[in-house]
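> My structure is below; once you've seen it, I'll send some questions.
Nothing in this text is a laboratory measurement; each read-out follows from the coordinates by a stated rule. Because the structure is a prediction, the values reported are computed rather than measured. Methodologically, a virtual Cβ is constructed for each residue, glycine included, from the backbone with ideal geometry; neighbour enumeration extends over all protein chains shown.
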Amino acid sequence: MAGRKNSTFAVTKVRLGEDLYIDTRADTVAGEEPLEIRVGGQTVTTTMRTPGHDIELAHGFLHSEGHIASLNDVSEVRYCAGSTVDGINTYNLLDVDLAKKNVLDLSDLRLTTTTSACGVCGTSSIEALTKQTRYPIPQVPVDPYVVAKLPEALRAEQKQFKKTGGIHAAGAFTLAGEPVVIREDIGRHNAADKVIGHLLLEDRLPADDLILVMSSRASFELVQKAAMAGFGMLIAVSAASSLAVETARETGMALVGFARGDRFNLYSGELVSSETTTS
């Protein structure tokens with residue numbers, strides 16, 4: 001079962017109506033397994049994730065936490081230990097060696113497990129949540145016609161969501177709305193880290209010419225990850241939290257929420273002028 005993006009179980013489906021409808025059949029659910037990330041042998045975090053693109057996830061996480069700035073900061077990443085009693089590698093433990101052998105401070109470590117619902121759990125202080133962005137945030141005018149098509153463009157590439165109906169996605173798109181990379185994970189923050197990690201590995205950071213699109217709500221952690229990667233705009237299909245809005249306005253990032261169909265909420269940023277808007 002280790003390393004699977006999804007699993008199949010016998011599930012009893014119940015539907016109410018004039019008669020009670022009961023049917024037992026095979027159903028596919030999203031995979032969720034722990035991934036322990038170590039830096040120089042020291043556990044930095046353990047996150048509950050959907051297996052796949054773990055190397056990207058580790059790079060994205062370390063970048064979002066401010067531990068690395070580029071691919072050159074990492075000398076090696078490898079799966080290690082984590083074997084079962086049968087000697088089978090679970091692929092649930094990644095060891096990262098940094099180019100500079102600096103020792104991480106205990107305040108940098110996530111001392112509890114990060115669940116698929118929480119990307120900042122275990123951070124030892126509120127101050128530690130606010131990372132110093134290394135890139136200037138570009139001022140990206142919000143084109144309503146581009147915004148309107150991006151959630152559906154993201155959904156079209158969600159292969160695991162089509163199978164399970166229970167997994168998040170993150171995608172990086174050009175300012176014209178063309179997809180660059182899309183990743184899925186049971187944790188929205190993991191999906192974002194996978195996208196950011198991919199861009200880092202491809203030497204495409206800062207992402208100042210890209211838009212980050214999320215299939216989830218817009219939380220503080222996602223705005224912060226986007227800011228750390230240099231995105232000028234974050235689009236979410238659900239609501240934005242108060243701290244997400246405040247952080248977006250403070251950094252100058254355009255923040256869009258409830259992007260569904262032909263409508264959305266603009267929490268931060270400016271719409272393009274009517275003269276330059278294209279349909």
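> Would you order T43, T247, T28 from fewest to most other beta-carbon atoms within 10 Å of each residue's own beta-carbon?
Numbers: T43 14, T247 25, T28 17.
So the ranking, lowest neighbour count to highest, is T43, T28, T247.
> Go through region 206-218 residue by residue and turn each phi into a ³J(HN,Hα) via Karplus (6.51, -1.76, 1.60, θ = phi - 60°); whole Hz please, and just put x for glycine and proline.
So the J values, rounded to whole Hz, are x, 8, 6, 10, 10, 10, 9, 10, 10, 7, 10, 6, 9.
> Taking the highest mean first, how do the peptides 206-213, 20-27, 59-66, 148-155 order by number of other beta carbon atoms within 10 angstrom per residue?
59-66, 206-213, 148-155, 20-27
> Give K13/K162; K163/K225; K162/K194; K194/K225 a once-over and call out the pairs whose C-alpha atoms are over 22 Å from each other.
Beyond 22 Å between Cα atoms: K163/K225.
> Under 12 Å from the Cα of K5, which aspartates and glutamates turn up, not counting those fewer than eight places away in the same chain?
Answer for K5, where 12 Å is the Cα cut-off: E32, E33, D54, E184, D185, listed by chain and number.
> Also, quick follow-up: Quick one: check the C-alpha center-to-center distance for region 135-195 versus region 2-45, whole angstrom.
22
> I would also like to ask the following. Report the net charge of residues surrounding L210, where surrounding means a beta-carbon distance below 12 angstrom and charges are Lys +1, Arg +1, Asp -1, Glu -1.
With Lys, Arg at +1 and Asp, Glu at -1, the net is -3.
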